[in-house]
1. Report whether or not B:ASN32 is in contact with an Asp or Glu (Cβ under 9 Å, 6 or more places away or on another chain), closer than 23 Å to A:ASN2 by Cβ and of a type outside the set (Lys, Arg).
2. Are there strands (runs of 3 or more DSSP E) fully within segment A:58-112 with at least 1 residues that are of a type in the set (Lys, Arg) and open to solvent by 20 Å² or more (accessible area, probe 1.4 Å)? List them.
3. So which of B:GLY111, B:GLY54 is small (Gly, Ala, Ser), within 14 Å of chain A (Cβ to nearest Cβ) and out of contact with any helix residue (DSSP H, G or I) (no Cβ under 6 Å at 6 or more places or on another chain)?
4. Of all residues being at pLDDT below 95 and β-branched (Val, Ile, Thr) in segment B:31-87, which is surrounded by the fewest Cβ atoms within 10 Å (Cβ to Cβ)? Just the residue, please.
5. How many residues are of a type in the set (D, E, K, R) and away from chain B (no Cβ under 13 Å) when one looks only at segment A:39-94?
6. Looking for something facing chain A (nearest Cβ under 10 Å), among the small types (Gly, Ala, Ser) and open to solvent by less than 40 Å² (accessible area, probe 1.4 Å) - is there at least one such residue anywhere in segment B:11-23?
Amino acid sequence: KNQVEQSPQSLIILEGKNCTLQCNYTVSPFSNLRWYKQDTGRGPVSLTIMTFSENTKSNGRYTATLDADTKQSSLHITASQLSDSASYICVVSRLNTDKLIFGTGTRLQVFP
Amino acid sequence: SQTIHQWPATLVQPVGSPLSLECTVEGTSNPNLYWYRQAAGRGLQLLFYSVGIGQISSEVPQNLSASRPQDRQFILSSKKLLLSDSGFYLCAWSVRGGSPTANTEAFFGQGTRLTVV
């Protein structure tokens, strides 16, 4: 079954600290993996997208990694800011389909 | 540039009433269009997707239906709402190409918060 699982479900950190969010998937055949940030009550916004051949990709303070062999990805946030408080969603695409398979997300709260 | 419009932003409807949520995309042609639902504390669930006018694929059996009367218009409807239809509904589009590739991504609208009372 094509699934995407994320951990932790929720996370609280202090402003300025780093954190890492995890994503494991069983989607096959794999096309690409994306990380989205979703502010409360808003639509998701893309942070990074990686294909099979890419191991890491950065977008400012966000760095995503991908291990296609173990089917794992992580999103590392450096020097967190209050505005990083949001849900982070891992999304995996199957090859030759137009559908995206979403994880349930990690809710991150950054406190001052 | 491409933009996606979704309305209304919030909606409170009584059980048994009809529903119509509209989504339009500007700045692109022949997009793939999607409707997702996000229940409280849950992930996004794909409801419908469309690869062209009049072409609708349903992912889960439910009380809802979708239509694509124009290339860049996607409508989510219900004849009689249920309490379980409450949730956050998101419309999205992606570039048509057979499959999402490394150079494409899904762009989401701002969502509609539907509360059925």
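1. yes
2. A:86-94, A:106-111
3. Just one listed residue meets the conditions, B:GLY111.
4. Going through the qualifying residues, I end up with B:VAL60.
5. Here the count works out to 5.
6. No, that holds for no residue.
The values are calculated or read from the model by the stated rules, or taken from the named source; none is laboratory data. Nothing here was measured: the structure is a model prediction, and the numbers come from that model. In this analysis, Cβ positions are derived from the backbone assuming ideal geometry, glycine residues included, and neighbour counts consider all displayed protein chains. Calculation scope for accessible area: heavy atoms of the full protein, side chains included, ligands and nucleic acids excluded. Shrake-Rupley method; radii C 1.70, N 1.55, O 1.52, S 1.80 Å.
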